[in-house]
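Notes to accompany the following structure.
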Protein chains: 2
Amino acid sequence: MDTAERTELVTRFTEEVVEVDEIEALFEERENPTAYIGYAPTGEMHIGHFTTMRKLADFIDAGLDVTVLVADLHAHLDDAKSPFELLEARSAYYEAAIVGMIEAAGADPDSVTFVRGTEYQLEEPYTLDLYRMLAETTLSRAKRAGSEVVRQSENPKLGGLVYTLMQALDVAALDADIAYGGIDQRGIYMLAREQLPDSGYDKPACVFAPLLSGLSGGKMSASEASSKVNLTDDDDAVEEKINGAYCPAGEVEDNGVLEYLRFLVFPVFEERGEQFVVERPEEYGGDLVYDDYEAVEEDFVSGELHPADLKPAAAAAISAVIAPVREQLLDNPELLEDAYPEKYA
Amino acid sequence: MDTAERTELVTRFTEEVVEVDEIEALFEERENPTAYIGYAPTGEMHIGHFTTMRKLADFIDAGLDVTVLVADLHAHLDDAKSPFELLEARSAYYEAAIVGMIEAAGADPDSVTFVRGTEYQLEEPYTLDLYRMLAETTLSRAKRAGSEVVRQSENPKLGGLVYTLMQALDVAALDADIAYGGIDQRGIYMLAREQLPDSGYDKPACVFAPLLSGLSGGKMSASEASSKVNLTDDDDAVEEKINGAYCPAGEVEDNGVLEYLRFLVFPVFEERGEQFVVERPEEYGGDLVYDDYEAVEEDFVSGELHPADLKPAAAAAISAVIAPVREQLLDNPELLEDAYPEKYA
């Protein structure tokens, strides 16, 4: 694979890349540049995480060495979303779910390095670097950087402010050439690009995934159960949520069903060598078979493909994509029981 | 020495004690409770530090185990007042100057334990405790606690906010029963009393020294050279500063000259077995000899003791008190040269 192909793989299906030429330069210089993505193990993982995680298959195919950080300390620092005593259990659950998603995306999870924050964030060199950054960074800069990531309030806890600097420092501590995350992470990684060179580190290139719409329209909500598909949802639950989803005929904007197809189902089906089939009675034109997402969107906008036909097909496809992850989690019920005892135990 | 005498020694010449009965209880329970005072090695030490440090002689006499923290990391965290590369040199200078002051106060510096912040503040248990506190403490609480200690602004650096939580945690990390410092430290140690029990530590008793007036009236200023006596000032420099000091006849308030006599000269002279002598010509009533400060203040208020007679006597006494510290610093010129190269090297 040449540099252009590798760069295309790394940058496709993204919201923003900063900067494409930096990624090209990495591939020109080295066989295996490094990338990392971090997750703070707070609430249960869902299909939104999966769409972001799916890209790791592209990274691996492009020859990147990929590290997944399970940022356990961060999960407590952000307004104590995860209590200290559950950090280990939630980290174990996140790691298992992420392994399942990478596998379901068609990549080999053994080629990914998993790291916990507590493995290095309590070590002296890291702490010393953090103190240097704390002494240099203003309150408003840190607030701004984390404004779409950590819980906001008029009078925030200090933990959420330190969180942003730690995440910026993680890029250097994990020796990542590329920082990858949702577009909500942009503020933090822009701060990393600004400040890491002052501490003698390289600035990272950044790849940002889009944040997908919720099924009820608008942004996906962690608190609204019907707005997202959970990784443990069975076929019926998925079907019910997709049937009830916001998906007006001909409209692409805020259409979570189309977005899941575009960013999750089609890339995974491509990896698996499968086609997306919309079953239709002969009198309504018969089955539609798609090899790429663009054709689906075209038919949906033109009215050739109606929501009533799209929805059951999308539900079946989404179910098929998440099935291996669901099975892995259901085969190990203690993962969720230990991580969320108030819900599962 | 019984509990009442020990408590009196620990609490005399202070601005506030929180709470006296806690200190009595410590002495009832143990032969050698522990106390600590911390200094961030930023600017040059001066006579204000000496008046605070003088009390360590009382602590030692009362049987406390005393730790002096040279809080090197703190000196950088507060708006980078000390650059990282000077922390070691400034810490060495502070430690030598403090040894000199303890010695000059008539106590044995070998009975004091010196600790640097970097000796334990980068270790895992400390960092983990700090992260717990950061997740629990609001921005406004930390701001308020440090409002008289760290540099203030509309948009402060994060380092100054983390500083206050670290100082609160230092009490526990140094296993101190009593936190001692100037009354400007009150906010931070009240936060320590509130928050340490949540982390499983005892709350400290607190002893606060008064902040002395500057020689030009008002608060002592770090930036105004004539407002304070430096530890390296020779006899002439001390005389000149005291002669120019704000010391109106009969007025006690904001009178730095009287305050130095009360909080520094008399306690040290008592320890040394010396008397405070005001030389006067026979025609003006002849020499005045004082064994305690109260008699000086009484004569000054009544008009019996005139500023023109008090000032040269006070200057000579202050010179005599700081002489051993000055000599120690001048015998080791590299201490100041290394710590403040822009001024001394």
Nearest-ten-degree value, helix B:307-331 long axis tilted from longest Cα axis of chain B: 50
Label spacing, shortest first and in nm, from residue B:289 to its equivalents in the remaining copies (7 angstrom along Cα→Cβ): 11.8
CD proxy at 222 nm, helix term only [per DSSP H run n ≥ 4: -39500 (n - 2.57); per residue of the protein assembly as shown; nearest 500]: -15000 deg cm²/dmol
Between 0 and 90°, nearest 10: helix B:124-136 axis offset from chain B longest Cα axis: 90
Convex hull projection area averaged over all views, the stretch B:1-47, Cα basis, nm²: 4.6
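Using only atoms on other chains, find how many Cβ atoms lie within 10 Å of each Cβ of peptide A:128-134 and report the average.
Per-residue shielding by partner chains comes out at 6.
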Estimated distance in nm for a label pair at residue A:287 and residue B:304, the labels positioned 7 Å out from Cα along Cα-to-Cβ: 11.5
Filtered GluC sites (Glu not before Pro), the stretch B:99-188: DSSP coil and at most 12 other beta carbons within 10 Å: B:154
Average other protein chain Cβ within 10 Å of Cβ, residues A:116-125: 3
C-alpha long axis of helix B:20-29 to longest principal axis of chain B, angle in °: 70
Distance between the stretch A:293-345 and the stretch A:109-134 - C-alpha centres, whole angstrom: 34
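Would you mind working out the magnitude of the charge dipole of the stretch A:3-209 relative to its Cα centre, with +1 at each Lys and Arg C-beta and -1 at each Asp and Glu C-beta, to the nearest 20 Debye?
The calculated dipole for the stretch A:3-209 is roughly 860 debye.
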Radius, Kirkwood style, for the protein assembly as shown when every pair of distinct Cα atoms is counted (Å): 29.4
Size of charge dipole - the stretch A:94-146 - debye, nearest 20, with Cβ of Lys, Arg +1 and Asp, Glu -1, no other charges: 540
Loop GluC sites (Glu not before Pro), the stretch B:214-274, which have at most 15 other Cβ atoms in a 10 Å radius of their Cβ (DSSP): B:224, B:251, B:253, B:274
Long-range amide H partners of residue A:65 with built H, under 5 Å: A:34, A:35
Percent of beta bridges antiparallel (DSSP, the protein assembly as shown, rounded to nearest 5): 35
Distances in nm from residue B:125 to the matching label points in the other copies, shortest first (labels 7 Å along Cα to Cβ): 2.5
7 Å along Cα→Cβ, label-point gaps from residue B:308 to other copies, nm, shortest first: 11.1
Relative contact order computed over chain B (Cα-Cα under 8 Å; 6+ residues apart), in percent: 19
Cβ-based charge dipole, the protein assembly as shown, positive-most Cα from A:70, A:248, A:213: A:248
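Return the subset of B:81/B:311; A:81/B:143; B:55/B:219; A:241/A:343; A:203/B:143; B:219/B:311 for which the Cα-Cα distance in this structure is over 30 Å, preserving the input order.
On the way: B:81/B:311 35 Å; A:81/B:143 23 Å; B:55/B:219 20 Å; A:241/A:343 21 Å; A:203/B:143 32 Å; B:219/B:311 20 Å.
Pairs exceeding 30 Å: B:81/B:311; A:203/B:143.
The numbers here are math on the coordinates, done by the rules we state, and not lab data. Just so you know, these numbers come straight off a predicted model, no measurement behind them. Positions of Cβ are backbone-derived with ideal geometry, glycine not excepted, and every protein chain shown enters the neighbour counts.
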